[in-house]
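Trainee: Pasting in a structure now, in structure tokens, and then I'll have a few things to ask.
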Amino acid sequence: MEKEHLITAVVTGSPIASYPVASGDRLIQLNGKPVEDIFDYQFLVEDTSVDVLIRKAEDGAEVSFHVEKNEDEDLGLVFENGFMDRYRSCANRCIFCFIDQNPPGMRETLYFKDDDSRLSFLQGNYVTLTNMSDHDIDRIIHYHLSPINISVHTTDPELRCKMLHNRFAGEALKKIQRLYDAEIKMNGQIVLCKGINDGEQLKKSIGDLSAYLPHMESVSVVPVGITKYRDGLYPLDPFERADAEEVLEIIHTCQADLYSKYGTHFIHASDEFYLLTGRELPAADTYDGYLQLENGVGMLRLLLDEFEEAMENARQKRFFAKKRTVSIATGMLVYPTVKKLCDRLMERFPKLTVHVYAIRNDFFGERITVSGLLTGQDIVAQLQGKELGQTLFLPGNILKADEEILLDDMRLCDLERTLQVKTDIVKSSGWDFVEKISGNLLSR
């Protein structure tokens, strides 16, 4: 049976706006073909002419019409479900799954485990391939959808079955070969678990995945996140400084070898490993164009380089002698870096005072030190009575993507009201950091 997709709005001025279609109608076909989901829709509306078949809400009658439009211009239909299909939940029970470590009482969406190849293409999510059928692979190849981001973790089939707690997880690795043969761009991810897929296993995984160059463009290595809510779960140990040193040695050795052979570094450690060891972050060109920024790979290097550019720009301009006191809250891991940047700003702007506060993660546990997992209740509890100045700045990654709400459902306005201070967000950009913290004190 063909799927029908409920239309909730028609965009004013769009190619389809002048045709007999309205909210409540249902899309049946495009160009005589059924529409399975957003992939089919986007592919079929690329043409300059599109035949549309809908079912009218008032009487169920089928109506067809021909729409002329510009190439790659959207028709202008808005659907009840932007994905035009149900989201596929994860069939694995990974030993390192962060969602399994969430405390009770959080909003329902934070407990949903997605493992959908379509979200990989649309939003950059990582998928394990265990949910993908041959039909899914065929569609990716047919539409040439890329990049596809893959949670690999290990290339040892037996170990992968153990880590994902799925007897099909090892077999699923063969799908990478099909994507490679079809020249689909891919990025890989390895969530590293101490004593499990590190050491020799990590070396093997890097070597195996490098065989898929150039279509496998990069692989990131990130340390497993461990909260205090692990009762009954697989025992995992956090990475300490010595462990992180070993990981970086493996990665740097492999990078040197791969760069000499292929002109790409390919394998990248997340910023956390460098912060754990106290090592200097690699130079910008080591990140091969920052392909894994959303995975925390190179984010700090980019921030630092943009900060230097913004400071150089500041040195070439006059500034207003205006007294200003502000504060910024951040995670424990990145606190030393943020503090140094703020010290530099105060040197540049003598009238500027910045109070930098490291927020301990009591909500998830002290082992979680990244700023993106801070909650409103921890920020409020630890900043009560502190000098916050005119504005409290918070990192942008603490908020839900489409709403000013934190992980514990505290809204930014509630946090602001409780602390009695204006709050603002600093994006992960060195330019934005200088602009926001300095208060645009630079003359234009």
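Trainee: One-quarter of the Cα convex hull surface for segment 1-94, in nm²?
Mentor: With every direction weighted equally, the projected area is 7.2 nm².
Trainee: Using only Cα atoms, what is the ratio of the radius of gyration of segment 315-402 to 2.2 N^0.38 Å?
Mentor: Working: Rg = 14.4 Å, N = 88, 2.2 N^0.38 = 12.1 Å.
Dividing the Cα radius of gyration by 2.2 N^0.38 Å gives 1.19.
Trainee: Once ligands and nucleic acids are excluded and a 1.4 Å probe is used, how much of Tyr259 is accessible, expressed in Å² to the nearest 10?
Mentor: Counting only protein heavy atoms, Tyr259 exposes about 120 Å² to solvent.
Trainee: At 25 °C and a viscosity of 0.890 mPa s, what translational diffusion coefficient does Stokes-Einstein give for segment 151-267, taking Rh as the Kirkwood radius over Cα pairs? Give it in µm²/s as a whole number.
Mentor: For the chosen part, D equals 163 µm²/s.
Trainee: Might you work out the accessible area of Lys261 for me, using a 1.4 Å probe with all protein chains in place, and round it to the nearest 10 Å²?
Mentor: My reading of the accessible area for Lys261 is about 130 Å².
Trainee: Relative to the compact globular guide of 2.2 N^0.38 Å, what is the alpha carbon radius of gyration of the chain, as a ratio?
Mentor: Working: Rg = 24.8 Å, N = 444, 2.2 N^0.38 = 22.3 Å.
For the chain, the normalised Cα radius of gyration comes out at 1.11.
Trainee: In whole Hz, what ³J(HN,Hα) sequence does segment 236-244 give by Karplus (6.51, -1.76, 1.60; θ = phi - 60°), x for Gly and Pro?
Mentor: With coefficients 6.51, -1.76 and 1.60, one gets 10, 10, x, 7, 9, 4, 5, 5, 5 Hz.
Trainee: Right, something else. May I ask you to compute the full-extension gain from Ala401 to Arg360, defined as 0.36 nm times their residue separation minus their alpha-carbon distance, rounded to one decimal in nm?
Mentor: 12.5 nm
Trainee: Here's another thing I want to ask about it. Take the Cβ-Cβ distance between Met346 and Gln177 as r, set R0 to 60 Å, and report the resulting FRET efficiency rounded to the nearest 0.05.
Mentor: For Met346 and Gln177, the calculated efficiency is 0.65.
Trainee: While we're here: From the mean inverse distance of alpha carbon pairs (Kirkwood) and the Cα radius of gyration, derive Rg over Rh for segment 246-377.
Mentor: 1.04
Trainee: With all protein chains present, calculate the accessible area of His144 using a 1.4 Å probe and round the result to the nearest 10 Å².
Mentor: Approximately 90 Å² for this residue.
Trainee: Show that you can apply the helix-only estimate: for the chain, add -39,500 (n - 2.57) for every DSSP H stretch of four or more residues, divide by all residues, and state [θ] at 222 nm to the nearest 500.
Mentor: Values: 14 runs with 140 residues, N = 444.
So the calculated ellipticity at 222 nm is -9500 deg cm²/dmol.
Trainee: So for segment 142-217, considering every pair of alpha-carbon atoms, how many percent are separated by more than 13 Å?
Mentor: On the way: 1860 of 2850 pairs.
For segment 142-217, the fraction of Cα-Cα distances above 13 Å is 65 percent.
Trainee: Among Thr391, Ser205, Leu159, which residue has its Cα furthest toward the positive end of the charge dipole of the chain, with +1 on Lys/Arg Cβ and -1 on Asp/Glu Cβ?
Mentor: Thr391
Trainee: Apply the Karplus curve 6.51 cos²θ - 1.76 cosθ + 1.60, θ = phi - 60°, to the phi angles in segment 302-308 and return the couplings in whole Hz, x for Gly and Pro.
Mentor: 5, 4, 5, 5, 5, 4, 4
Trainee: Additional query: Determine the equivalent ellipsoid of segment 191-259 by diagonalising the alpha-carbon gyration tensor, then write out the semi-axes as square roots of 5 times the eigenvalues, largest first, rounded to whole Å. Walk me through the numbers on the way to the answer.
Mentor: Details: eigenvalues 134, 38, 18 Å².
The equivalent ellipsoid of segment 191-259 has semi-axes of 26, 14, 10 Å.
Trainee: Follow-up. Can you tell me the mean projection area, over all orientations, of the convex hull of segment 227-271's alpha carbons? Units nm², please.
Mentor: Details: hull surface 17.5 nm².
Its Cα hull, projected and averaged over all orientations, spans 4.4 nm².
Trainee: So, one more: So what's the angle, to the nearest 10 degrees on a 0 to 90 scale, between helix 200-210 and the longest Cα principal axis of the chain?
Mentor: 50
Trainee: Can you return the lysines within cross-link range of Lys261? Criterion is Cα-Cα under 27 Å, with same-chain partners fewer than 8 residues away left out.
Mentor: Output for Lys261: Lys174, Lys175, Lys185, Lys203, Lys204.
Trainee: Can you list residues from other chains, or at least 5 along the same chain, whose modelled amide H is less than 5 Å from the amide H of Ile150?
Mentor: So Ile150 has HN proximity to Val127, Asn187, Gly188, Gln189.
Trainee: If you roll a 1.4 Å probe over the heavy atoms of the protein chains, what accessible area per residue do you get for segment 209-311, in Å²?
Mentor: For segment 209-311, the per-residue accessible area is 45 Å².
Trainee: Sticking with this one: What residues have an amide H closer than 5 Å to that of Val426, excluding those fewer than 5 places away on the same chain, when H is modeled at 1.01 Å from N in the peptide plane?
Mentor: Leu394, Gly396
Trainee: To check my understanding: the extent here is largest minus smallest coordinate of the Cα atoms along each principal axis. What are those three numbers for segment 269-347, in Å, largest first?
Mentor: That works out to 42, 27, 21 Å along the principal axes.
Trainee: Follow-up. Test of understanding: what is the full-extension gain from Ser64 to Thr253, defined as 0.36 nm times their sequence separation minus their Cα-Cα distance?
Mentor: Stretched fully, the Ser64-Thr253 segment lengthens by 61.9 nm.
Trainee: Ok, one more. What residues qualify as long-range amide H neighbours of Gln29, i.e. H under 5 Å apart, gap of 5 or more or another chain, H built at 1.01 Å from N?
Mentor: Leu53
Trainee: What is the extension gain from Tyr262 to Arg167, computed as 0.36 nm multiplied by their sequence separation minus the C-alpha to C-alpha distance, in nm to one decimal?
Mentor: Working it through step by step, the gained length comes to 30.8 nm.
Trainee: List the cysteines in the chain whose Cβ has no other cysteine Cβ under 4.7 Å from it.
Mentor: So far as the 4.7 Å Cβ criterion goes, Cys90, Cys161, Cys193, Cys254, Cys342, Cys413 stand without a partner in the chain.
The values are calculated or read from the model by the stated rules, or taken from the named source; none is laboratory data. Keep in mind it's a predicted model, so treat the numbers as computed, not measured. Note that we place each Cβ from the backbone using ideal geometry, even for glycine, and neighbour counts take in every protein chain shown. The area values use the complete protein model at the heavy-atom level, side chains included, leaving out ligands, DNA and RNA. Shrake-Rupley method; radii C 1.70, N 1.55, O 1.52, S 1.80 Å.
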